[in-house]
1. Applying the selection to region 122-149, what residues are within 20 Å of K193 (Cα to Cα) and open to solvent by 60 Å² or more (accessible area, probe 1.4 Å)?
2. Is there a residue being part of a loop (DSSP other than H, G, I, E, B) and in contact with a His (Cβ under 8 Å, 6 or more places away or on another chain) anywhere in region 199-216?
3. So, in region 180-196, how many residues would count as being among the aromatic types (F, W, Y), surrounded by fewer than 20 Cβ atoms within 10 Å (Cβ to Cβ) and either under 19 Å from E224 (Cβ atoms) or under 14 Å from the mean Cα position of the chain (by Cα) (or both)?
4. Looking only at region 55-92, count how many residues are more than 18 Å from the chain's Cα centre (by Cα) and either open to solvent by 20 Å² or more (accessible area, probe 1.4 Å) or on the phi > 0 side of the Ramachandran plot (or both).
5. State which residue is most open to solvent (accessible area, probe 1.4 Å) when the search covers only region 14-45 and only residues that are part of a strand (DSSP E or B) and touching a Phe, Trp or Tyr at 6+ places or on another chain (Cβ under 9 Å).
6. Would a scan of region 61-71 turn up a residue that is within 20 Å of F207 (Cα to Cα) and not in a loop (DSSP other than H, G, I, E, B)?
7. Could you please let me know if T175 is of a type in the set (S, T, Y), crowded, with 18+ Cβ neighbours inside 10 Å and in contact with a His (Cβ under 9 Å, 6 or more places away or on another chain)?
8. In region 150-172, what count of residues is obtained for those that are open to solvent by 10 Å² or more (accessible area, probe 1.4 Å) and assigned to a loop (DSSP other than H, G, I, E, B)?
Amino acid sequence: MKKHPRVTIVTVCYNSEKYLEDCIKSIMNQTYDNVEHIIVDGESKDNTLDIIKKYDGKYNMRWISEPDNGMYDAIYKGFQMATGDIYAWLNSDDMYMPWACELVAKVMEETDVEWCTGIPCHYTESGIAYNIPRVTPVFPRKFILKGYMDGRVATFLEQESMFWSKKLWDLCGNTILRYKYAGDYHLWREFSKYQQLITLDSVVSGFRIHKGQKSEDRNKYYGEIGSLNLINKLLKQTKLIPLIMLTNALFTRKSRVRTAMVLKK
C-alpha cells in the first residue's frame, strides 16, 4: 500500500433522516486527513437531501441522488466514483469511531493487510456503544469460504467495521450486484478466496440496533444464502464452529494485528 493512502467510504441512503446526520458527523470528524465520503441517495422523499446539502462543502464529500436498483446497486455505483486506495461502506444508521480511518490506513500502509475488521460492537438506538467482546475475535479464512459466517452456523461478519483494498474490490466487487439482501455475505466469501480477514484489536465502528432496519428481514436474507445442508445443521446444533473460533482467539495470534505495535512505528 502506498504512503498516506486515501480511504473512500460509501454511504447509501433512502429516507434516512433519522440517523444520517450521526453517520455524516462520524466521517467528517475522523482524525485522519485523507478521507473521501460518497453518499448515494435513492431520491429520498423526507429530509434526507436537506441533511446532505447541509454538509456539502464542509468536508471531502460528494453526493448524487437518483433512482437505483436496490442497496447493492447503489453501493456499486458509489465505488465507481471512488478515488481511494482503501474502501469501506457505512450504512446511514451506523457510525465510525473517530480513529477508525487513521488506524486502518496506518495498518494497511505498514503491513501487507488488504482486508481487515475491528472488534465488533453494537450501538443502542441513541448511539451508545455496547456488547463489545472481551476477546479479540478471529475469523478463519476457511470458515468464511465455506459460508459458515451466516448467523446460523456462526456469527455474522460485521460489514460496518470492514475495510479492504481497491485491488480486492476490483477483483470481487461486482459480486454484490447479484443480490438484494445478502450481497455482503457473498462478497466476504469472494474476498476470502484471495485474502485472509485480519482483525485489529480496536473497536472501529458499530452496528446500530433499531426497529425497521433492513437486516430484520432474515427470510429474504437467507433466501439469497440457501438452506442449511445436513452437515451445517449438525454444526449449528453442536456449536462446534463458534467453539473452534473462540479457541483460536484465546490461544493463537494468527489473523490479528496488535495495533499498538503498528502505531509505534
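1. Listed by number, the residues that qualify are R141, K142, L145, K146.
2. Checked region 199-216: at least one residue is part of a loop (DSSP other than H, G, I, E, B) and in contact with a His (Cβ under 8 Å, 6 or more places away or on another chain).
3. 0
4. 15
5. Only one residue fits best here, namely V35.
6. yes
7. So T175 passes the test.
8. Matching residues across region 150-172 total 6.
The values are calculated or read from the model by the stated rules, or taken from the named source; none is laboratory data. All values reported here derive from a predicted model rather than from experimental measurement. A quick note on method: Cβ atoms are made from the backbone with ideal geometry, for glycine too, and the neighbour counts reach across all protein chains shown. SASA here: full protein model, heavy atoms, side chains in, ligands and nucleic acids out. Shrake-Rupley method; radii C 1.70, N 1.55, O 1.52, S 1.80 Å.
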